[in-house]
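The values are calculated or read from the model by the stated rules, or taken from the named source; none is laboratory data. Small disclaimer: the values here were computed from a predicted structure and weren't measured. Reconstructed Cβ throughout: ideal geometry from the backbone, glycine too, with neighbour counts over all protein chains shown. In case anyone asks, the SASA skips ligands and DNA or RNA and just uses the protein heavy atoms, side chains included. Shrake-Rupley method; radii C 1.70, N 1.55, O 1.52, S 1.80 Å.
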Amino acid sequence: MRRLVQGRLTPNLLRDANLAASGLVQAPAIIVPATSSSVITHAPNLILPRSRGASFQISEERLHEFLQAEVSFFAGKESSSLTLKKVIDSSTPDAAAKLAVQELPIRFAQRILQIESLEGWRNSPELVEVHGFYSQSFKDLRLVDLDVDDLRPFTDVVQALKGRMKGVIPSLASAMRVLQQANDYPEQEINQWLDTFLLSRIGTEMLTSQYIACINPAGKGRGGIVDHACDPAIICDRAAKHVRKLVKAHYNMVQELDIVIESGSTAGQGRIRFPYVPQYLFYVLVELLKNSARATVEICGGDQNQIRARPIVITVGADPNQVAIRVHDSAGGIPFSVADRVWSYMYSTANQSKGGAGFSQQGTPLAGFGVGLPLSRLYARYLGGSLHLLSLPGIGTRAYLYLKRLETEAREEVPATSSLSSVSSISSISSVSSISSVDGLV
């Protein structure tokens, strides 16, 4: 016997339902389970009453069909490219909530279809799990009634989906490695597929974190997760202290690793400051420092005197438009034979026999599973910056991080809707000679 779900209509979506019913727009009508708030469905001939609390019955099977239609509808929309200024402007709980409600369903729907475009995805437990994360999050967002006078239900949904999404990166990394080994998919295409997916994930993470930060403000000078006067030298110092502790604990060192910070200044204005998301900068710096620290310890064979003789140097500089941060080590560099693979999600520089892999899995949400470095580059790219490596084998490596300094120029890079067909289906990309680069998507 099919179960029936009773529900009510929510006024904030009722207008769209009647427009769809009248044929004025190609949008689904709205049906709401009693335990939640709203689901839009394709029902072009359905005329709904214009009153709050209107009741109805719907089977769970039909509700699932409605949600499937919702996913297709929202996946076809274009997500807006956010600027840091737009995020700062959405620094009140109601403004941040409205921005999240506008953007999150589109981005979740596009990622759901990206997974479904993979041939045999249902045979991968990890991909099924990630698909479930996004499907449940999409459903919860469409079922919640955003009421700016009472944001508690929406807050519960956002907090739940943030907790749920913590498992996405390890599950994806594991699934794609298995797919590559089992089906011999080209590594470059897997990297592009993951770049598209994870770049979108950074955007959804920023939207949800912005909302949570707005309902729990950190203090003056903050626009949610954005620090209006972010001091990169201070973030470098925090990251250095964090990595020193990790190295000391993991490698049982008596003395701390030597990490030196050099900072310039803006002409006539003293310390370098700019609007940015400090936590993202911290993530990237920790990953870069971990790579340099691990390489330094390994090339010295654990000899602490030699380690102290090879300090890691962080240099911060800026002009009116950009902030530049260089991380320089003297740990022997990266061999030319693997230099092209350091940005691959399928490759790790960690030395398993020397405990490097275990160390790489510590420190930040970007850590572990061999994806810290390519994910760091995505975080840099996300708001218009870039991350580059210059390595001299036998000498050392220099990482250069460039970040936009003006909030109007720090613009989110989002995968375009049209890119779904070109980079999402690994089953078809091995048969084509070229593919549109994620780097060109805006």
Only one of R294, R377 is at pLDDT 90 or above, crowded, with 20+ Cβ neighbours inside 10 Å and closer than 18 Å to L172 by Cα, namely R377
For the range 228-245, indicate whether the set of residues that are outside any helix (DSSP H, G or I), under 22 Å from the mean Cα position of the chain (by Cα) and either surrounded by fewer than 17 Cβ atoms within 10 Å (Cβ to Cβ) or of a type outside the set (A, V, I, L, M) (or both) is non-empty.
yes
Against the definition (open to solvent by 50 Å² or more (accessible area, probe 1.4 Å), in contact with a helix residue (DSSP H, G or I) (Cβ under 7 Å, 6 or more places away or on another chain) and aliphatic (A, V, I, L, M)), how does V130 come out, yes or no?
no
Taking the range 297-319, which residues are part of a helix (DSSP H, G or I) and open to solvent by less than 70 Å² (accessible area, probe 1.4 Å)?
V297, E298, Q304, I307
For F359, only one of the following conditions fails: (1) aromatic (F, W, Y); (2) at pLDDT 75 or above; (3) crowded, with 21+ Cβ neighbours inside 10 Å. What is its number?
(2)
Across the range 266-289, what is the number of residues that are over 29 Å from T208 (Cα atoms), out of contact with any strand residue (DSSP E or B) (no Cβ under 7 Å at 6 or more places or on another chain) and either open to solvent by less than 70 Å² (accessible area, probe 1.4 Å) or part of a helix (DSSP H, G or I) (or both)?
1
Evaluate the range 88-100: report whether one residue or more is over 30 Å from G384 (Cβ atoms) and open to solvent by 60 Å² or more (accessible area, probe 1.4 Å).
no
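Per-residue answers, yes or no, for (1) modelled with pLDDT of 90 or more; (2) under 19 Å from the mean Cα position of the chain (by Cα); (3) under 20 Å from L104 (Cα atoms):
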| residue | (1), (2), (3) |
| --- | --- |
| A173 | no, yes, no |
| L194 | yes, yes, yes |
| L199 | yes, yes, yes |
| M206 | yes, yes, yes |
| K220 | no, no, no |
| G264 | no, no, no |
| R273 | yes, no, no |
Per the filter on the range 116-127, residues surrounded by 13 or more Cβ atoms within 10 Å (Cβ to Cβ), part of a helix (DSSP H, G or I) and of a type outside the set (D, E) are W121, L127
Is there a residue being modelled with pLDDT of 85 or more, crowded, with 16+ Cβ neighbours inside 10 Å and within 30 Å of V226 (Cβ to Cβ) anywhere in the range 59-67?
no
Matching residues, the range 320-340, being open to solvent by 20 Å² or more (accessible area, probe 1.4 Å), in contact (Cβ under 8 Å) with a residue 60 or more places away in the chain and either under 27 Å from the mean Cα position of the chain (by Cα) or at negative phi (or both)
P320, N321, Q322, A324, R326, H328, S330, I334
Which is open to solvent by 20 Å² or more (accessible area, probe 1.4 Å) and over 30 Å from R405 (Cα atoms), of L146, L141?
L146
Among (1) open to solvent by less than 40 Å² (accessible area, probe 1.4 Å); (2) over 15 Å from Q110 (Cα atoms); (3) touching a residue at least 24 places away in the same chain (Cβ under 8 Å), there is one condition V157 misses while meeting the rest; what is its number?
(3)
Condition (residue is touching a residue at least 60 places away in the same chain (Cβ under 8 Å), open to solvent by 10 Å² or more (accessible area, probe 1.4 Å), of a type outside the set (D, E, K, R) and farther than 20 Å from R122 by Cα) applied to the range 161-184: is it met by at least one residue?
no
Cβ-Cβ under 6 Å pairs, at least 6 apart or on other chains, the range 401-412 side on the phi < 0 side of the Ramachandran plot, far side open to solvent by 60 Å² or more (accessible area, probe 1.4 Å) and part of a loop (DSSP other than H, G, I, E, B)
R405/N321
Taking the range 246-265 as the region of interest, how many residues are open to solvent by less than 60 Å² (accessible area, probe 1.4 Å) and either aromatic (F, W, Y) or free of Cβ contacts under 8 Å to residues at least 12 places away in the same chain (or both)?
1
Residues of the range 341-356 being at pLDDT 85 or above and exposed (fewer than 15 other Cβ atoms within 10 Å of the Cβ), which ones?
R341
